[in-house]
Amino acid sequence: MKVVALVSGGKDSCYAMMKCIQYGHEIVALANLMPADDSVDELDSYMYQTVGHQIIVSYAECMGLPLFRRRIQGSTRHQRLSYRTTPGDEVEDMFILLNEVKRQIPSVAAVSSGAIASDYQRLRVESVCSRLGLVSLAYLWKQDQSLLLQEMIENGISAITVKVAAMGLDPAKHLGKEISSLHSYLHKLKELYGINVCGEGGEYETLTLDCPLFVNARIMLDEFQVVLHSSDSIAPAGVLHPLAFHVERKKAHCSLPGSDKTEEFSPENIGSVFEVQGDCSQTRDTTSQSAVEVTDLIEIAENKLHISKTQKDDTFSISCWLQDSHKRSSGLQEELTAVLRKIETRLGAYGFGWENVLYIHLYIADMKEFATANETYVKFIKQEKCPFGVPSRSTVELPLLQVGLGSAYVEVLVANDHTKRVLHVQSISSWAPSCIGPYSQATLDKNILHMAGQLGLDPPTMALHEGGVAAELEKALENSEAVAKCFKCSISASTIIFVIYCSTLTPPSERFHIQEKLDVFLKQIKVSHFHKESMSEALNPIFLYVLVPGLPKGALVEIKPILFVPEDIEATKETMQDPSCIRTPNWGFQQANWHDHCVKRCVIRGELCAVILSITSELATKICSDSLGAEQSKGHPNFFTEGQMKEVSRFCIYLLGKVIMENGFSWYDTMYLRLYFPASLGVPLESLSLLFTNAFTELAAMDQTFNIGHEPIFNLVPVVGAGSSATAIDDIITCELLTRKL
């Protein structure tokens, strides 16, 4: 991509440009924000470094690129972490600046910044990029600062300190010093006082005088003055004010990689400086691509839309799908619009909106229409509607049409509070895959971390990792671990459930590599983490493998971890109540040892209970033969009659209820209940839904404390196959249940 680089003069923004070139991008312009008054060194700004701004003008000549500059007119008006367009805010100066760059160089597609650890700065750059239709590149994001500083020095960044404000840094001694000479001293201060060695805590700021990007010349600082801002005896603060400097031409100069290809910009303007004018108080998103509500689509008959909803009050799931019994699809855009509009209306009826949604499962019938699904999705779920953060998301292809459903099927997890914490990084970086769009990497709500589906993408390039399914899975796990670290946990110690979506593109003979790689990877992380005193005893997660026709980007595997991240680490110990104290409804099933073999659970005392129940063909036959009056299994081993499936559905509800009640939970604690079934089962979805509905009706008749509502509390999900093992994804019914106490 062609990139405009935000430059402050500091080492970070320069090294970020070098990383952009390393990953194949092309720097075509520079952009800088400076004080309105040239005599002012530093502004009271949360966003911009301005110390040394007098020298930035030379960057155009040194790099042979056009430099766009703007004097900062705004101030810090919107101080919340997530930014919203605010007239008169200093962020609007960046918008005007980058908007002008895009106007003059239309091929610009991305913006580079040197953000390392500041969410405040990153989110504002991402906000401006989103409004302008640009991609944010932040290749230094979340990188180890000690290693990063060493890399900068080794890769030829020649930068001096122009501001110091930390314990151990003295303006009289340390201003104007090369970072290479301060390298060991900064690490000593880190050990003594815990400073950020790259200065991310405001400890110091730098000015780059030379680097490999300066292909034409280097900057020579001839004279400067130290201006003391604070004479504090513990942490004195001061800045370096340049008085005289010149540019020294390099003997062998050349152009930056690809910089001679910018056809929109005339050669005589290369190396020129442009000052961008305009009033930030009147900012308008003239180039933003805001979604327009769809109003001209043909309405789908209301009676074809179906809803399911769990009965939990504080956190519940709603699912909506289109019953298309004649298998005549109206098209994904129209059907997904109808489904999302139905959910939006239902949320409104409960007094909720999209801002209350924690997680969205987006199921589509054809992954080739993924782009269309996203275009429709963003018309409903967008940052403007979600001030507390957009929900996390997973998208997979399901055999919807094969079972008589429409092209789109959506499940949302809803919470009636606004205490959730959302991680939404849209910048492309080396940290983890970006979320370029209105969905988040992870959402934490009341100790449960709902992580977005993770593919095996290489974060800097956003391309699938090469090497087959095992290599993809390893990269997906690394990405998941990077996300988990942001919440101070690990997938090896905190995961409750791993859902692993396997594409049918992976041959059955290679699926054992998935489980093998997963086991090895988690053990390796667990061993490394248990050397740290802060790690609590690890949970024993449960695993669910789901075989689907397709995944985004043609991936072979996608993982979706759910983690328990408690405030009190002592709460992570498993416990079970004495089964003799629990009275469960009598369904006519006799307790047998094999019942426990088909159930996997992860139970956390007084918090949650996660259950995976796998019913194979063999178990289904046994259930039917053990049930009085049940039909005997006939014909194909994977084909079951509705009478037989009736007994299976009753057994599933019986055993799930038994497990959760033995552990101190009830059906009213259900956050979600998914019932996966193979599209080849032979029992129509409508019949299967009725069988499970009748099973819950029977439960309500036996248990007077349980009332069944007007809508199913379960979600039927058609798949190619599912199971608790990667090599045996052949259950006829797989139940995934998560319950949580209030």
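The values are calculated or read from the model by the stated rules, or taken from the named source; none is laboratory data. None of the values given here were measured: they were computed from a predicted structure. A quick note on method: Cβ atoms are made from the backbone with ideal geometry, for glycine too, and the neighbour counts reach across all protein chains shown. Quick note on the areas: whole protein, heavy atoms, side chains included, nothing else; ligands and nucleic acids left out. Shrake-Rupley method; radii C 1.70, N 1.55, O 1.52, S 1.80 Å.
For the stretch 686-702, the criterion of being open to solvent by less than 50 Å² (accessible area, probe 1.4 Å), closer than 22 Å to L398 by Cα and among the small types (G, A, S) is met by at least one residue. Of all residues in the stretch 17-49, those satisfying the criterion of being farther than 28 Å from V226 by Cβ and either modelled with pLDDT under 90 or within 28 Å of the chain's Cα centre (by Cα) (or both) are M17, M18, K19, C20, I21, Q22, Y23, G24, H25, E26, I27. Here the condition is being in a loop (DSSP other than H, G, I, E, B), closer than 18 Å to G271 by Cα and of a type in the set (A, V, I, L, M); of L65, L81, L97, it holds for L65 alone. Whenever a residue of the stretch 451-474 is in contact (Cβ under 8 Å) with a residue 40 or more places away in the chain, its partners that are among the polar types (S, T, N, Q), lying with C-beta atoms within less than 6 angstrom and at least six residues away or across chains, give the pairs A452/S392; A452/Q441; G453/S394; Q454/N479; Q454/S480; P460/S430; V469/T506. Looking across F245, F265, one residue alone is in contact with a strand residue (DSSP E or B) (Cβ under 8 Å, 6 or more places away or on another chain), modelled with pLDDT under 85 and surrounded by 14 or more Cβ atoms within 10 Å (Cβ to Cβ). It is F265. How about the stretch 3-32: which of its residues are open to solvent by less than 10 Å² (accessible area, probe 1.4 Å) and touching a Lys or Arg at 6+ places or on another chain (Cβ under 6 Å)? Within the stretch 3-32, V28, N32 qualify. If we scan the stretch 66-89, do we find a residue that is under 33 Å from the mean Cα position of the chain (by Cα), surrounded by 23 or more Cβ atoms within 10 Å (Cβ to Cβ) and among the acidic types (D, E)? Yes, some residue in the stretch 66-89 is under 33 Å from the mean Cα position of the chain (by Cα), surrounded by 23 or more Cβ atoms within 10 Å (Cβ to Cβ) and among the acidic types (D, E).
Scanning the stretch 167-185 for residues being in contact (Cβ under 8 Å) with a residue 24 or more places away in the chain, of a type in the set (A, V, I, L, M) and within 29 Å of V57 (Cβ to Cβ) gives a total of 4. All conditions but one from (1) within 39 Å of the chain's Cα centre (by Cα); (2) free of Cβ contacts under 8 Å to residues at least 60 places away in the same chain; (3) surrounded by 18 or more Cβ atoms within 10 Å (Cβ to Cβ) apply to T206; the one that does not is (2). Can you confirm whether the stretch 377-400 contains a residue that is open to solvent by 20 Å² or more (accessible area, probe 1.4 Å), closer than 22 Å to G550 by Cβ and touching a residue at least 60 places away in the same chain (Cβ under 8 Å)? Yes, that holds for at least one residue.
Of all residues in the stretch 703-724, those being open to solvent by 30 Å² or more (accessible area, probe 1.4 Å) and farther than 22 Å from D669 by Cβ number 2.
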